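Pasting in a structure now, in structure tokens, and then I'll have a few things to ask.
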Amino acid sequence: IGIPGQPAYCGLRLQNWLYVHWSGDAGTELYDYKHDPLELNNLSGRPAYAEKETAMHDRAVELCSPTPPGFSWD
């Protein structure tokens with residue numbers, strides 16, 4: 001979603017997971033709702049969750065089309 005003054009993002013929400021990729025330097029977020037329903041513990045970049053993060057990233061790339069203005073997967 002492109003909001004003036006805010007970085008654009010694409011994401012994927014499943015029953016127990018949330019993945020968000022922000023454009024620019026804002027990075028990514030990965031949350032396990034079963035253990036962290038308040039999104040307090042970002043699991044993105046942690047080796048133990050690399051497989052889950054990659055799978056959710058790949059699915060988000062498929063679903064986020066067209067990408068929002070100003071958004072990049074880089």
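Taking only protein heavy atoms into account and a 1.4 Å probe, give the accessible area per residue of the chain in Å².
That works out to 67 Å² per residue.
Here's a follow-up. Just the projected area, averaged over all directions, of the convex hull on the alpha carbon atoms of the chain: how many nm²?
Working: hull surface 20.6 nm².
Taking the Cα atoms of the chain, their convex hull projects to 5.1 nm² on average.
Just order 53-65, 34-46, 12-24 by mean Cβ neighbour count inside 10 Å, highest at the front, would you?
Values: 53-65: 14.2, 34-46: 11.9, 12-24: 16.3.
Result, highest mean first: 12-24, 53-65, 34-46.
Got the relative contact order for the chain handy, in percent, Cα pairs under 8 Å and 6 or more residues apart? Present the calculation step by step, with values, prior to reporting the outcome.
On the way: 106 pairs, mean separation 25.7, N = 74.
In percent, rounded to a whole number, it is 35.
Per the 1.4 Å probe, what fraction of the accessible area of the chain, in percent, lies on carbon and sulfur atoms?
53
Angle between the Cα long axis of helix 50-63 and the longest principal axis of the chain, 0 to 90 degrees, nearest 10?
It is inclined by approximately 40 degrees.
Could you size up the charge dipole of the chain around its Cα centre, putting +1 on the beta carbon of Lys and Arg and -1 on that of Asp and Glu, and report it in debye to the nearest 20? The partial results should precede the final answer.
Values: 5 positive and 10 negative charges, 32 e Å.
With Lys and Arg at +1 and Asp and Glu at -1, about 160 debye.
The values are calculated or read from the model by the stated rules, or taken from the named source; none is laboratory data. Computed from a predicted model, the values in this text were never measured in an experiment. Methodologically, a virtual Cβ is constructed for each residue, glycine included, from the backbone with ideal geometry; neighbour enumeration extends over all protein chains shown. Just the protein is used for accessible areas: all its heavy atoms, side chains included, with ligands, DNA and RNA removed. Shrake-Rupley method; radii C 1.70, N 1.55, O 1.52, S 1.80 Å.
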